[in-house]
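Taking it in order: structure first as structure tokens, then the write-up.
The values are calculated or read from the model by the stated rules, or taken from the named source; none is laboratory data. Just so we're clear, the structure is a prediction, and the values are computed from it rather than from any experiment. Note that we place each Cβ from the backbone using ideal geometry, even for glycine, and neighbour counts take in every protein chain shown.
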Amino acid sequence: MKQHSFIACFLTMAIIGGTCDLSAAEIPDGFEVYFNDAQHSSTNGIDTALAAFINSANETVAGAFYSIDRSVVADAFIAAATRLGVDNVRIITDANYRGLSGCQRMEDAGLYIIDETCDGWSNDSIQVHNKFCVVDGIKVWTGSYNTTNSGSIYNNNNAVAIECEDLAEAYLTEFNEMWGGTSGPHGDCHFSTNKNTVINHHYTCNGVNLDLYFSPTKDEFPNTAYDAIMNRIDQTENSIHFCMYTFTQSNLAGKLIQVLNTGLTVRGVMDDLQAQSSYSVYDYIKSNNIDVILDDEVSPHGNLLHHKFAVFDYQSPDASVVTGSYNWTLAAQVSNDENTLFIHDQVIAEAYYNEFYKNYYGYEPGDRTPTIEITTNESSYSPGNYFLCSATLTNPGDSSVSLYEYIILDIGESFGSDRFYFWPSWSGSVDSKYLIVGPESDIEQSILQFLVPQNMPVFGPVTIWAGMLDPAGTLIGDVDSVTFSFI
């Protein structure tokens with residue numbers, strides 16, 4: 001390629017940019033995944049998605065939510081009771097949040113609402129911490145989302161909706177155990193360790209394998225949610241990425257440290273307020289080299305990092321994610337009413353990994369491209385000055401990018417005509433340096449440096465252009481330039 005045509009092409013790409021068509025795999029049929037965008041104070045539809053889920057009911061709705069105060073959700077429950085009859089729309093909540101306006105409005109509309117006190121528990125002894133809803137006995141919604149204004153707008157939350165009769169029936173069985181009946185006013189309700197529910201843990205929904213655990217019961221399952229999480233950590237081959245609101249379970253922390261020391265990648269985000277608790281494992285895992293940050297270290301960030309999920313081997317066909325209401329605490333296992341769902345699907349696991357990535361870095365994977373910055377220590381130089389020109393290459397993406405780095409020295413009309421030289425050899429012909437810039441990495445390099453001699457002629461301006469192209473010749477990221485003169 002001739003020098004001038006190369007430069008014209010290079011600058012054209014700098015102006016119009018390159019394109020990249022990435023065809024994302026689709027979420028499996030019967031599954032929907034939702035994340036709110038707390039970093040930007042936008043609901044991103046998690047509240048309206050739940051309202052639509054409730055509004056889709058043709059026969060029954062059973063909702064178990066720690067707190068209910070979001071108007072669009074309360075309105076959906078009220079509308080469902082009006083449409084289906086109050087006997088067919090039942091709500092379970094935590095006694096401490098019974099007085100929220102959403103619950104009050106629903107009770108004023110005649111809906112049946114119960115909390116743990118109907119089973120003799122005081123409102124401080126346990127938490128009814130679930131966040132799930134079953135519609136028509138065939139669809140279930142679960143995740144970390146409390147149906148409040150803060151949970152909708154300012155806190156990081158996730159939810160998954162699954163159309164699967166067997167799975168929905170398991171959730172409904174748990175709900176009915178707490179309710180003490182199948183419709184209408186509650187019967188002999190059972191919460192926390194008074195529950196007798198025994199369920200199958202393993203389900204297949206539209207070809208996706210799932211594992212489901214409820215906590216706690218009168219007699220512990222042979223295989224509890226805690227055991228299942230520990231086992232999944234043991235089975236991990238490459239990486240674990242977690243977002244956890246409250247993490248106080250020291251045995252789980254120790255297991256993460258153990259697998260980290262075998263060479264696995266373990267990375268996490270925790271809520272900064274919860275991490276201040278004397279029971280938090282944050283300091284423990286941080287001091288044992290787990291790559292964990294607090295949500296207030298990320299800009300922008302939401303109010304609370306309210307997620308309770310972990311992603312295992314997200315790049316593997318055996319990838320899975322665990323989500324639900326279960327914080328990694330002892331109380332989640334032995335006293336609070338919780339649900340824990342493992343989803344063994346690579347596409348869904350990758351969606352949750354992308355949410356981890358956003359909470360860890362502050363931006364979505366792929367929404368920032370590699371950049372190159374050219375700098376000089378001064379903009380004008382006199383004899384005796386030290387001249388230094390350097391380049392910083394940054395790849396903020398989540399995969400390695402093969403790059404050809406082009407740096408062009410343009411001395412303009414200083415010697416009577418355009419003259420162009422190409423680094424790294426500073427030849428008059430097109431040259432480049434082949435690089436691989438790894439994920440989340442920077443490369444700093446010196447391009448040109450010298451002591452300006454006493455006989456340096458006055459000339460300029462001089463411009464150095466820099467950019468990165470892939471092996472196909474497509475511009476990757478941006479182009480930068482720096483201009484200087486010798487006086």
Exercise. Do we find that TYR97 is assigned by TED's automatic domain parsing to the domain that holds ASP345, aromatic (Phe, Trp, Tyr), surrounded by 17 or more Cβ atoms within 10 Å (Cβ to Cβ) and at pLDDT 95 or above in this structure?
Worked result: yes
Seminar exercise, completed: Taking first residues from segment 462-475 that are under 18 Å from ILE443 (Cβ atoms) and among the aliphatic types (A, V, I, L, M) and second residues anywhere that are modelled with pLDDT under 75 and assigned to a strand (DSSP E or B), the pairs with Cβ under 9 Å that are 6 or more apart or on different chains are MET468/VAL401; MET468/LEU475; MET468/ILE476; MET468/GLY477; MET468/ASP478; LEU469/LEU475; LEU469/ILE476
Seminar exercise, completed: A careful count of residues in segment 326-366 that are free of Cβ contacts under 8 Å to residues at least 24 places away in the same chain and either touching a Lys or Arg at 6+ places or on another chain (Cβ under 9 Å) or in a strand (DSSP E or B) (or both) gives 1
Problem set entry | Selection from segment 174-199 of residues that are crowded, with 17+ Cβ neighbours inside 10 Å and either of a type in the set (Phe, Trp, Tyr) or assigned to a helix (DSSP H, G or I) (or both) | GLU174, PHE175, ASN176, GLU177, MET178, TRP179, PHE191, SER192, ASN194
Exercise. In segment 443-472, how many are among the small types (Gly, Ala, Ser) and touching a helix residue (DSSP H, G or I) at 6+ places or on another chain (Cβ under 8 Å)?
Worked result: 1
Exercise. Within the group ILE476, ILE408, ILE374, which residue is among the hydrophobic types (A, V, I, L, M, F, W, C), part of a strand (DSSP E or B) and touching a Leu at 6+ places or on another chain (Cβ under 9 Å)?
Worked result: ILE476
Exercise. How many residues are assigned to a helix (DSSP H, G or I) and buried (at least 23 other Cβ atoms within 10 Å of the Cβ) if we restrict to segment 276-312?
Worked result: 3
Exercise. Does segment 118-135 include one or more residues that are farther than 23 Å from SER150 by Cα and part of a helix (DSSP H, G or I)?
Worked result: yes
